[in-house]
Amino acid sequence: MKRHYSDSLEYETFEEFDKLGIPHAIFTRKGGVSPTPWASLNLGGTVGDDVERVRENRLKAFRALHFSIENSFDVWQVHSAKVICVDQPRDQALPYIQADGIVTNQPGIVLFMRFADCVPILFVDPIQKAIGLVHAGWKGTLLKIAEVAIHTMRMKFGSRPADIIAGIGPSIAAHHYPVGKDVLVEAQKSIPQFVSEVCYQEDDRIYFDLWRANQLILQQNGVKSIQLANQCTACHTDDWFSHRAEKGKTGRFGVLISL
């Protein structure tokens, strides 16, 4: 990934997306106006931060990419496998749609989501000119939201999985992600052929590899080009918000993508 600087803000991009001219950004936590524990570019509106500070942070992030916040579409993220297809910006007067994936083929719409350990997955189909953005925690991963996003792009836009480029962004690494036995049980049901690759036990604890699980699901569905950030949010809380590492008292970093 490549680090960019815009005034006090810092964000990263996938170089394969850059080559295609796809404007996108995974913002670090730096350069915002929020105090501790949300310091400082908190883009999450439901974590206790002041609404005006969050609004200012969002404006700063959108302006860094020369986007208008009026052209954005975001959702109420609920750890589901629901992916919605949009053809216009979100009507700010209407309630949020509950979903964890968004796809579009309309230029100018800015897909926007927030993260603090869960996996951001960005999609680009350079042939059919379509993009997608997904939020995948362990529930979304095992519900195969990445697969749902690919299926939705195929059905709505005629995308071929082999043409799609996916980017797995900064998120919590396996060694910082102990889970309960319920997660192992769900993994055995959802991705039995991959369990040995994505779950391991150490010191009587079970660890789940979100990166590898989503990579395998993408590959299983025909995606050949997968960019991996290889950045652990829990290891690098100077750059990223981490719900686990900061014991729930933290903000959310933002991901934006547009055509």
Would you confirm whether any residue within the stretch 94-117 is of a type in the set (Asp, Glu) and more than 22 Å from residue 173 (Cα to Cα)?
no
Report the residue count in the stretch 153-177 for those that are surrounded by 23 or more Cβ atoms within 10 Å (Cβ to Cβ) and in contact with a Cys (Cβ under 8 Å, 6 or more places away or on another chain).
3
Having 1 or more residues that are free of Cβ contacts under 8 Å to residues at least 60 places away in the same chain, over 23 Å from residue 235 (Cα atoms) and of a type in the set (Ser, Thr, Tyr) is the bar; report the strands (runs of 3 or more DSSP E) wholly within the stretch 1-81 that clear it.
2-6
Enumeration of residues in the stretch 1-25 that are in contact with a helix residue (DSSP H, G or I) (Cβ under 6 Å, 6 or more places away or on another chain) and either within 17 Å of residue 228 (Cβ to Cβ) or among the aliphatic types (A, V, I, L, M) (or both):
2, 9, 24
Condition test on residue 74, is it within 20 Å of residue 135 (Cβ to Cβ), charged (D, E, K, R), crowded, with 20+ Cβ neighbours inside 10 Å and in contact with a Ser or Thr (Cβ under 8 Å, 6 or more places away or on another chain)?
no
If I ask for residues that are surrounded by fewer than 24 Cβ atoms within 10 Å (Cβ to Cβ), touching a residue at least 40 places away in the same chain (Cβ under 8 Å) and among the polar types (S, T, N, Q), which ones from the stretch 82-133 would you list?
105, 106
Taking residue 258 as meeting all but one of (1) surrounded by fewer than 18 Cβ atoms within 10 Å (Cβ to Cβ); (2) of a type in the set (Ser, Thr, Tyr); (3) over 21 Å from residue 139 (Cα atoms), write down the number of the exception.
(1)
With respect to residue 246, is the statement that it is surrounded by fewer than 19 Cβ atoms within 10 Å (Cβ to Cβ), in a helix (DSSP H, G or I) and modelled with pLDDT of 95 or more true?
no
Name every residue in the stretch 85-115 that is modelled with pLDDT of 95 or more and charged (D, E, K, R), in order of residue number.
87, 90, 100, 114
Out of all the residues in the stretch 137-152, which are in contact with a Lys or Arg (Cβ under 9 Å, 6 or more places away or on another chain) and either crowded, with 24+ Cβ neighbours inside 10 Å or at pLDDT below 95 (or both)?
145
Condition met for residue 213 (aliphatic (A, V, I, L, M), over 30 Å from residue 153 (Cα atoms), touching a helix residue (DSSP H, G or I) at 6+ places or on another chain (Cβ under 9 Å) and touching a residue at least 60 places away in the same chain (Cβ under 8 Å)):
no
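The values are calculated or read from the model by the stated rules, or taken from the named source; none is laboratory data. These figures come from a predicted structure and were not determined experimentally. Every residue, glycine among them, receives a Cβ derived from its backbone with ideal geometry; neighbour counts consider all protein chains shown.
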